[in-house]
Each structure stands twice: as C-alpha cells, then as structure tokens.
1. Just checking, how many residues over the stretch 96-148 are farther than 17 Å from residue 57 by Cβ and of a type in the set (Val, Ile, Thr)?
2. Give the residues of the stretch 122-163 that are out of contact with any Gly (no Cβ under 9 Å at 6 or more places or on another chain), aliphatic (A, V, I, L, M) and closer than 16 Å to residue 98 by Cα, sorted by residue number.
3. Exactly one condition in (1) open to solvent by 70 Å² or more (accessible area, probe 1.4 Å); (2) in contact with a Pro (Cβ under 6 Å, 6 or more places away or on another chain); (3) basic (Lys, Arg) is false for residue 117; which is it?
4. Limited to the stretch 130-174, what total is found for residues that are open to solvent by 50 Å² or more (accessible area, probe 1.4 Å), closer than 22 Å to residue 118 by Cα and in a helix (DSSP H, G or I)?
5. Could you pull out the residue among 80, 32, 92, 70 that is surrounded by 11 or more Cβ atoms within 10 Å (Cβ to Cβ) and at pLDDT below 85?
6. In the stretch 96-123, which residue that is hydrophobic (A, V, I, L, M, F, W, C) and over 9 Å from the mean Cα position of the chain (by Cα) is modelled with the lowest pLDDT?
7. What pairs come out if I take residues in the stretch 93-114 that are in a helix (DSSP H, G or I) and pair them with residues that are among the basic types (Lys, Arg) whose C-beta lies under 8 Å away, six or more apart or interchain?
8. Name the residues in the stretch 35-52 that are under 23 Å from residue 105 (Cβ atoms) and surrounded by 12 or more Cβ atoms within 10 Å (Cβ to Cβ), would you?
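The values are calculated or read from the model by the stated rules, or taken from the named source; none is laboratory data. In this text, all values refer to a predicted model and were calculated from it rather than measured experimentally. A quick note on method: Cβ atoms are made from the backbone with ideal geometry, for glycine too, and the neighbour counts reach across all protein chains shown. Accessible surface is based on the protein model in full, side chains and every heavy atom, while ligands, DNA and RNA are left aside. Shrake-Rupley method; radii C 1.70, N 1.55, O 1.52, S 1.80 Å.
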Amino acid sequence: MNKEKSQSITWKKRTIRLILFPVLMLMVYGFLFAVMPEKSIAAFKSSGKIFLNIIIPLGFVFILLVAFNLFLNPAHIVKLFGKKSGIKGIMLSSAAGIISMGPVYAWYPLLRELRKKGAANSLMAIFINSRAVKPFLLPVMISYFGLRYVIVLTVVTMTGTIVAGYITGVLSRD
C-alpha cells in the first residue's frame, strides 16, 4: 500500500510539473491581454510562430529517438559512434551534422540518448559543429563570396570541427 501511495504522489508531481508552465503562461497572457490587448495578441502570435518553427524538427528528432531505441542497441551505437569507430565515425558524424536541419537544441535529446548508449563525446561535438556547413546554402555563398572563398571556408570549418571534436573528447574524458 505504501509503495502505491508513493507512486501516486510521484505521478501527481510529474503531472503538476508538466502542466504548470503552460498554465502559468496562459495566465500571464490572460493578464497581459486584459492590460494591453494589442501587444499581447502580437506576443501570442510571435510565440505561435516560434512553436510552429520548432515543432517539426522536434517531432523529427522524436521519431529518430524512437527508431534508434527500436532498431539500434548500444553495441551498434558504439560500433558507429564509439571511441574506436575511427575515421568512419568522424565521417558519419560529420555527414549527419551537415544534413541535419532545424534548431540545434532540438537534437540535444537524441545526442543525450546516443551518449548514454556509448557514443563518443568527440563525435557528438563533430556533429554539432558540422551543422555550420549547409549544402543548400553553398550556391548562395558562392554567388556572394566566390567559389575559392567558399571552398576554403568549408575546408577550414570542417577541419576546425574535427579538431574541436578531438579536443572536446580529450578534455571531457571521452
């Protein structure tokens, strides 16, 4: 009986924490709407746009998390992204970072799960830093800055990404 009561209390605390922030925000918007209706409507629309911008990448990351948990076990993760994955791990994390989309913070839950399953800190750093290179922006950059500049910038960025990943791995006791 005591264990059931403890679980019930834990569930209630989780539920309260889950709904507390949205309820507080609705109260704040309600108060502001009563005081400054025009500005509160503009703020609510802005918040809605931000929400719509992040919901798709967050949903994509959630789907990836489910897929990783279903199909990849820790041994696979260690093989692909572990400390001993070598150049293959560097290339894979670089490519994944380059093709990833959405805000970087949307990828943090996935990276945390990969880390728990044995992914190397250095390769996670390479993934995050590789996001600076976006293939769909390269033509625009070339038109503004020229081909030579874009090639040099991309090579330096990717080299710096790998160096930063290595340093991160060493300093964070990968």
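1. 4
2. If the condition is that a residue be out of contact with any Gly (no Cβ under 9 Å at 6 or more places or on another chain), aliphatic (A, V, I, L, M) and closer than 16 Å to residue 98 by Cα, then 137, 138, 141, 150, 151, 153, 155, 156, 158, 162 are the ones that fit.
3. Every condition holds for residue 117 apart from (1).
4. Here the count works out to 7.
5. Just one listed residue meets the conditions, 80.
6. Filtering first and then ranking leaves 101.
7. Within 8 Å, the pairs are 97/131; 98/131; 98/134; 104/131.
8. Result: 43, 44, 47.
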